[in-house]
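Working notes, structure below.
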Amino acid sequence: MREPRSILITGASSGIGAALARGYARPGTTLALGGRDSARLEVVAEQCRAAGATASWAARDVADRAGLAAWIADADAAAPLDLVIANAGISAGTGGAGESPVQARRILAVNIDGVFNTLHPAIAHMIARPRPPGGVRGQLAIVSSLAAFRGFPGAPAYSASKAAVKAYGEALRGDLAPCGILVSVVCPGFVASPMTARNRFFMPFRVTAPRAAAIIARGLAGNRARIAFPWPLYAGAWIAGALPPALVDRVLVRLPKKSSGLPEG
């Protein structure tokens, strides 16, 4: 598979999204970066330009279906998209006091609807193209989480949102394969970012954002169906999802709870 030359990334103002943008930035590459913080987006875009890439940014809320579709259409018109990374997401938990309906709905809107709002306009543009000699029209990456493998009592809506997009991406991979569109699901553990900086508990095997971006980029280059890391946490999450709930619940209810409230993601 050839290296992507036109890449769109949501949630690109910090964390994994910003690290992916910087990692892909090189001469001959066009980057379309989306997020909700204009100042941080401009900094990331300038860093990418300094590395030789053509980089533009747009302040977009992924829950805004029409606005996101218009931005994706403009980006594809400027440089037909090879790779679209649906990375934008927010995280919050119960804080040990239950999750409010307002918080839960906002998490689901960003983390589920935001992924749909990113993928479907991109798919439409990719399918409309003539199929190239290599047979690949484009590639999609969906950023889920290791929390997708088992619902965590301290983060109900977050766990549910990541499980939904994981299952959706896995199904979409087979559905779009005949169309020449590749799909990978990314399931990171703890990654150092403004989002995880709010956690007031020990985060085992936490990796830096550049390290996470390198793992993701390598997995996408190999068209891996699932890019899950770090492996000790991946193994633990997989086992937790496979064991009887009555057994796992005894452990999970004792884990520290994510703080409530909605950070920028």
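Coordinate-derived values only; no laboratory data. This one's a predicted model, so the numbers in the text were calculated from it and none came from an experiment. Every residue, glycine as well, gets a Cβ built from its backbone with ideal geometry; the counts of neighbours run over all protein chains shown.
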Cβ charges +1 (Lys, Arg) and -1 (Asp, Glu), total dipole of region 6-252, debye = 500
Using the 10 angstrom Cβ neighbour count as an exposure proxy, how do 187, 48 rank, fewest first?
-> 187, 48
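First check a/c for region 75-141, with a ≥ b ≥ c the square roots of the eigenvalues of its C-alpha gyration tensor; if it is under 1.5, answer rounded, and if not, answer prolate when a/b is larger than b/c or oblate otherwise. Numbers along the way, then the final one.
On the way: a/c = 4.15, a/b = 3.51, b/c = 1.18.
Prolate, since a/c reaches 1.5 and a/b exceeds b/c.
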Any idea which of 115, 102, 168 is furthest toward the positive side of the dipole for the chain, if Lys and Arg beta-carbons carry +1 and Asp and Glu beta-carbons -1?
-> 168
When the charge dipole of the chain is computed with +1 at the Cβ of Lys and Arg and -1 at the Cβ of Asp and Glu, the Cα pointing farthest to the positive end, of 190, 62, 81, is that of 190
Using modelled backbone amide H atoms (1.01 Å from N, in-plane), which distant-in-sequence or interchain residues come within less than 5 Å of residue 55's amide H?
-> 31
Candidates 53, 167, 209; GNM for the chain (alpha-carbon contacts under 10 Å) flags as most fluctuating 167
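As a footprinting exposure proxy, order 29, 10 by other Cβ within 10 Å, with the fewest listed first.
On the way: 29 21, 10 30.
Arranged by neighbour count, lowest to highest, 29, 10 become 29, 10.
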For 149, 229, 116, ascending order of other Cβ atoms within 10 Å (fewest first) is 116, 229, 149
Shape call for region 42-155 from the C-alpha gyration tensor, a ≥ b ≥ c root eigenvalues: rounded (a/c under 1.5), prolate (a/b greater than b/c) or oblate?
-> prolate
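Do me a favour and compute the ellipsoid semi-axes for region 6-252 from its Cα gyration tensor, root of five times each eigenvalue, largest one first, whole Å.
Details: eigenvalues 170, 79, 61 Å².
Value: 29, 20, 17 Å, ordered largest first.
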Long-range amide H partners of residue 138, meaning residues 5 or more apart or on another chain whose placed amide H is closer than 5 Å, are 182
